[in-house]
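Just below is one structure, and these are the notes that go with it.
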Amino acid sequence: MDVAGIDPDIPSDVQCFLLSNKMSCVRWVPNQTEDEHFFVTGSWGDRVNTVNLWNLVHDELTDGESSVPLVPKSTAKFCVTGDIVGLGFIDDKNLASVTSEGTLSVLDLNRESTLSYDFTHKFNMHDLHTVDARQSICSAMSVSAFDQYIVTGGEDGNLHIISGNAGKVISTIRHPDNASVQCVSFIYPNVVVAGRHCGVLDYYDSRENGDRPACSLETCHEDDREKTIPMCINYLPKYKSLVLVGLENGSILDWDIRKPYQASREFSDHGDPVTDLQFAKEQDIMFSADTGGLITEWTLRNPSAFGAYFVESRQPRMKDFKPINSIDTNVRQAICCGDSEMVFIMDLF
C-alpha cells in the first residue's frame, strides 16, 4: 500500500508502504542488477519475529505499467523467537541475523529465478552471549560481517568472531567490566570497533593477543564532557579508517583510527539518539536516522580533502512520527524503516 503524502512531514518524493510489523533492521540485497529491487527486513515486538525478503514489483492489478510505482511483495520468510536486533550480509548470498535471545542465524539466499529468491537456513548458534555463573542468556546487540567472518557484540560485554562458513566461534574478546556492547563494526579483516554502553569506543586488532583493545576513545559531549552512548557505527567506503559514530545525545562523531588518540570532530542535526548511519554506494552522501523519526541527508566534501570540517551541506529528507531504526542505500535509492510499521524509499538523485 503506497501511502506517500498522507503525513505532511513526509515529502511527496518519498514512497511509503505499510507493512505488518515494527521493523528493527533493513538491508538491500547487495550487488543487484538494474531491474532487481530486493531487500530484507527484521521485525521486533512480536512473540515470533521474522526476517523477511521483499521484492519491489509492479502491482499485479496494473498489468505491469511502467509508470505505476513499485510495491513490496514478500518472497521468503524466516521465523525466530526474540526480537531481531541486527542484520548483516556476509556476501551477496549469505545473511547473518542476531536476536535479543543471543542467537545468530545464517541464511543462504537461493535464487529461484531472475525475480525470486528463497531462504535456506544454514545454521544457528544459540546462547552466544550469557552472564553469571548460571550462564543466563542475554541479548546480542549488534552484528557485522567482513569476508566470510562475522562479529557479534552482546549485553555481556563480549565480542565473538565467528566463521560464516564453519559456524563456529574462532575467538572471543572479553571486557574486564562486562560493559555491554551497543554497536559493532568489522572494518578491516583484523579490525573491529565496538561501541559500549559505558560511553567508550574500543578498537581491537585480532592479530594481537588478549582482550585488551589497541586503543579506546571516550564518547564525551564536547560542551559538558558528559559521556554519551555510541548507538551505531559505520565507516566511509572510500576511506575505511574514518569511522562515523552516532551518539545517544543526537551528535555524530568522526574518528580517524589512524590517529586514535587525537580529538575527533563532532557535529549534529539530531535532537534524539542516532540509530543508524549509511553511505550512498557511489556518491559522497551520508544518511542518518534517529529515534525522533528524522532522516537527514549529508553531502560530504571530497574525502581526499578532509580538513577541519568535511560536511559540505545537510538537509532533512523526511520525518516520521515514530522512531526510524534502520536505513540502507544502494546506487539508486535509500530505504528506511522503524516503529510505525512502514518502509520508506527515496531516490538518491
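The values are calculated or read from the model by the stated rules, or taken from the named source; none is laboratory data. The model shown is predicted, which means the values in this text are computed figures rather than measured ones. Cβ sites come from the backbone with ideal geometry, for glycine too, and all protein chains shown count toward neighbours. Quick note on the areas: whole protein, heavy atoms, side chains included, nothing else; ligands and nucleic acids left out. Shrake-Rupley method; radii C 1.70, N 1.55, O 1.52, S 1.80 Å.
Residues that are basic (Lys, Arg) and not in a strand (DSSP E or B): does the stretch 186-198 have at least one?
no
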(message) If TYR261 meets every condition in (1) at pLDDT 85 or above; (2) of a type outside the set (D, E, K, R); (3) surrounded by fewer than 19 Cβ atoms within 10 Å (Cβ to Cβ) apart from one, which number is that one?
(response) (1)
(request) Please tell me if ALA166 is over 15 Å from GLY88 (Cα atoms) and either assigned to a strand (DSSP E or B) or open to solvent by 20 Å² or more (accessible area, probe 1.4 Å) (or both). (result) yes
(request) Looking at (1) open to solvent by less than 60 Å² (accessible area, probe 1.4 Å); (2) modelled with pLDDT of 90 or more, find the lone condition where TYR149 falls short. (result) (1)
(request) Go through ASP127, ASP83, ASP108 for me and flag whichever is surrounded by fewer than 22 Cβ atoms within 10 Å (Cβ to Cβ) and on the phi > 0 side of the Ramachandran plot. (result) ASP127
(message) Could you tell me how many of the residues in the stretch 152-163 are in a strand (DSSP E or B) and open to solvent by less than 10 Å² (accessible area, probe 1.4 Å)?
(response) 5
(request) Find all pairs meeting these conditions: Cβ atoms under 6 angstrom apart; at least six residues apart or on different chains; first residue within the stretch 21-42 and within 18 Å of PHE146 (Cβ to Cβ); second residue open to solvent by 10 Å² or more (accessible area, probe 1.4 Å) and not in a strand (DSSP E or B). (result) TRP28/ASN330; PRO30/ASP92; ASN31/ASP92
(message) Taking the condition of being aliphatic (A, V, I, L, M) and at pLDDT 90 or above, how many residues in the stretch 57-85 meet it?
(response) 4
(request) Select from the stretch 169-222 the residues that are open to solvent by 50 Å² or more (accessible area, probe 1.4 Å) and of a type in the set (Val, Ile, Thr) and list them in ascending order. (result) VAL169, ILE170
(request) Hey, could you check the stretch 15-52 for residues that are open to solvent by 40 Å² or more (accessible area, probe 1.4 Å) and either assigned to a strand (DSSP E or B) or among the hydroxyl-bearing types (Ser, Thr, Tyr) (or both) and say which is nearest to PHE287 (Cα to Cα)? (result) ARG27
(request) Would you check which residues across the stretch 1-21 are aliphatic (A, V, I, L, M) and either modelled with pLDDT of 90 or more or in contact with a strand residue (DSSP E or B) (Cβ under 7 Å, 6 or more places away or on another chain) (or both) and list them? (result) MET1, VAL3, ALA4, ILE10, VAL14, LEU18, LEU19
(message) Can you pull out every residue in the stretch 223-257 that is farther than 20 Å from VAL143 by Cα, at pLDDT 85 or above, assigned to a loop (DSSP other than H, G, I, E, B) and open to solvent by 20 Å² or more (accessible area, probe 1.4 Å)?
(response) ASN249
